[in-house]
Amino acid sequence: MGPKRHHPLVPLLFLLPACSLVGGLVIYPALQALWLSFTNFNMITPSQWVGADNYRRLAADPFFWLALRNSMLYLVVVVPVLVLVPIVIAVLVNRAIPGVRLFRALFYLPVVTSLVISSLIWKWVYEEKGLLNYLLLQSGLVSNPVAFLTDPANALFAVMAVTVWSGIGYYMVIYLAGLQSIPRHLYEVADVEGVTPVQQFVHITLPLLRPSMAVVAVMSSIAAMKVFEEIYVMTQGGPMDASKTLVYFIYETAFNEFEMGLASAAGMVLFAITLVLSLINLRLLRRKA
């Protein structure tokens, strides 16, 4: 007697709960946001279809372009650091030495710490009489306290440092997984041939970590474009909008000015940028496969 055959719809029934959740929590809100981006919805008066007016308003809004520029600057500065620095840390902690698990845990600790709490701590560290200024003054590196969060030239970069600090441990784990999948015999042969550790890193480790690097590059790019908590807690887009990013612009437009239609249009722009980054990710992974 052969195996019992099930109706072809049975597997689909098992997928139905997950598909329902994705449809209700992801697809429907996305379609709703797309619809709202073509209306003047403000949560008070009945919405009306305005076509592409919201997108034209964005194109003429200097604050939107400032926020987009800050987000792109965030992308350009933060992503290379989050791609390269975790590699070095992963190589250092990928060794069988006493206490290596403790070091891994310490590097990963910021990842499991609430980003709001981390931002509040760093806001205190950055204050005029905070820990960082105290150390700088005591060491003689500066003669006056540095205005990390109140100077338009420094605010965005100070917040970037918090993003890097909180993300390094997460991407380190991705690289650790990649390092542990590299065959050990490659390094053993290199040792026999007299290849130096630096040459091994350049010619063995980095080439075989390219798939992991592609994943980290796009994940960190998307995270940089979507940064919000650090901005909200530490600067609220200031001073003088110097740290206002695209997501913070969307938040202010929607919940401070109650222009949901305009905010939805800005959200669609963010979605388009995120989609492009995801497609780049897929292309890189296929090329390295």
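Every number in this text was worked out from the coordinates using simple rules, so none of it is lab data. Given the structure is predicted, the values throughout are model-derived calculations rather than measurements. Counting neighbours? That spans all protein chains shown, and the Cβs are built from the backbone with ideal geometry, glycine included.
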Fill in: the stretch 60-288: Lys pairs at Cα distance under 30 angstrom, eight or more positions apart or on different chains
5
Response to the item:
Which residues qualify? For THR39, with a placed amide H closer than 5 Å and at least 5 residues away or on another chain, they are VAL50
Worksheet item: What percentage of all Cα-Cα pairs in the stretch 34-97 are separated by more than 14 Å?
Response: 73 percent
Worksheet entry | Residue-averaged 222 nm ellipticity for the chain, from DSSP H runs of 4+ at -39500 (n - 2.57), nearest 500 | -21500 deg cm²/dmol
Response to the item:
Counted neighbours (other Cβ, 10 Å), sorted fewest up, put LEU137, LEU21 in the order LEU21, LEU137
Worksheet, complete the sentence: Computed over the chain, the relative contact order (Cα-Cα under 8 Å, seq sep at least six) in percent reads 30 percent
Item to complete: For ARG56 paired with LEU12, estimate the spin-label separation in nm (one decimal), with each label point 7 Å from Cα along the Cα-to-Cβ line.
Response: 4.4 nm
Item to complete: Take ILE44, ILE87 and order them by how many other Cβ atoms sit within 10 Å, fewest up front.
Response: ILE44, ILE87
Worksheet, complete the sentence: For 190-197, 156-163, ranked highest to lowest by mean beta-carbon neighbours within 10 Å, the order is 156-163, 190-197
Practice prompt. Order by neighbour count: LYS123, LYS226, LYS129, fewest other Cβ atoms within 10 Å first, most last.
Written response: LYS129, LYS226, LYS123
Worksheet entry | Mean separation of Cα contacts under 8 Å (6+ apart) over length of the stretch 1-140, as relative contact order % | 7 percent
Practice prompt. Between GLY237, GLY267, GLY130, find the one with the highest GNM mean-square fluctuation for the chain; connect C-alpha pairs within less than 10 Å.
Written response: GLY130
Item to complete: Enter the per residue convex hull volume of the stretch 60-288, computed from alpha-carbon coordinates, in Å³ rounded to the nearest integer.
Response: 154 Å³
Worksheet, complete the sentence: Using alpha-carbon positions, the gyration tensor of the stretch 172-289 gives root eigenvalues a ≥ b ≥ c; with a/c under 1.5 called rounded, otherwise prolate if a/b exceeds b/c, else oblate, the class is prolate
Worksheet entry | Span-like helix ranges in the chain, DSSP H, alpha carbon extent 15 angstrom or more, Kyte mean at least 0.0 | 10-22, 62-93, 100-112, 115-126, 155-180, 210-225, 260-288
